[in-house]
Structure formats: C-alpha cells, structure tokens
Amino acid sequence: MAKVFLGGSRNICRLNAEVRAKLDEMMGRRPSFLVGDANGADKAFQAYLAKAGYRDVTVYHVGRCRNNLGDWPVKTVASPSRGRGFAYYAAKDAAMAHDADCGFMLWDEKSKGTFNNIEMLVELGKKTLVYLSTRKDFHRLASRQDRDRFLQLCEPGLIAELRQEIEEKLGRRGQLKLIAAG
C-alpha cells in the first residue's frame, strides 16, 4: 500500500474542486496518507479526509500537535532546532518525505516550506504531484529533469531566493542531512 505525503502552503486554506477530485481518485486506491499538523493546506487536507471518513491517515508533528481533525494516529518527530521557526518544522516534513512513497503538494509559488518539500521528495527519487494554485494546474514530477522543467514555469528570481532562504535557515549540509535522515 502506497504512502502519500500530503502537504502545501499555509496560504491555501481550502481545496478546490480539482484538488478534491484528485484526492478522491487517490482515496479510491486506498493509500496511507501522511499529513502535517499546520494550518493551511495540512488542515484543509485533514478536514476533507475527516469528512470522507478516511481512516488510514497519520498526522506528523513536532512539539504539541496543533491539528488532528480526524483523531488519527500521530507521529511525533524530534527536531534538532530549538526555536519554532523554519528549521524546527522542516524536521517533520523531512520525516514525511522519508516515510512516503510519493507526494501531493499544493503550492502557491511562495511557500519555502512547500518548495523544500518538493525538492526533498524529488531528491529522494519519489514521484510528486504538484498543484500550482496560482495557475490552477497539476504537474507530475518523476525526476530531477521534470522538476527543473517545472521550475522554469516559475519566476527565476523567486526560485533562487527560495533556495537561498532555505540554505540560510538550514545550511546546505543541514538540508542534505534532513533529506538523508528523514
């Protein structure tokens, strides 16, 4: 049974019809869903899965679990970072990327966390479906080449800026360590 990492931008608070249809299609295959506990896309995924009565869900969190709308099992992830910033929550995302077989990300072309999740999944060789909320379309990433072609759709300065911010928050070694360790 496949394990699907569901994630996305905190600015995305509702699942539109296209995303709900894709999630319905996925649920028909009966995978295990791995989802975070953040507000935004995580909470929207949780709300939809809870309403559907879907039980095969695990909620990942660091510290106190913020959202678990379906009263599902939780996985607590230890974070090497003490502050509640980007690096703190990136540990949870790295664990989900590591544990998952594939991913489904909702990205607003702004969120560095979601961008980092896409990067981690691709680096781990895991197929990732990305829904760009700004363009209202899906992109299947099965390789680094797919990711690179996909990123050409985005504003080049933005991608460079996101990569720089992630490196500043985690350091290149820190990011690679997260990717490798899960």
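Any read-out appearing in this document is the output of simple, stated calculations on the displayed coordinates, not a laboratory observation. These numbers were taken from a predicted model, which means no experiment stands behind them. Here Cβ is always computed from backbone atoms with ideal geometry, including for glycine, and neighbour counts include all displayed protein chains.
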Seminar exercise, completed: Which residues qualify? For Ser32, with a placed amide H closer than 5 Å and at least 5 residues away or on another chain, they are Ala2, Lys3, Val4
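To the nearest 20 Debye, how big is the dipole of the chain about its Cα centre, given +1 on the beta carbon of each Lys and Arg and -1 on that of each Asp and Glu? Don't skip to the answer; put the middle values down first.
Working: 31 positive and 22 negative charges, 70 e Å.
Computed about the Cα centre, the dipole is about 340 debye.
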Seminar exercise, completed: The farthest towards the positive end of the charge dipole of region 38-182, of the residues Thr76, Ala90, Gly40, given +1 on Cβ of Lys and Arg and -1 on Cβ of Asp and Glu, is Thr76
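Let me have the relative contact order for the chain, percent, based on Cα pairs under 8 Å that are six or more residues apart.
Working: 329 pairs, mean separation 37.8, N = 182.
Relative contact order for the chain comes out at 21 percent.
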Exercise. Lys92: which aspartates and glutamates have alpha carbons under 12 Å from its alpha carbon, excluding same-chain residues fewer than 8 sequence positions away?
Worked result: Asp37
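When the helices in the chain are scored as -39500 (n - 2.57) per DSSP H run of 4 or longer and the sum is shared across all residues, what 222 nm value do you end up with, to the nearest 500 deg cm²/dmol? It would help to have the intermediate numbers written out before the result.
Numbers: 6 runs with 82 residues, N = 182.
My calculation for the chain gives -14500 deg cm²/dmol from helical runs alone.
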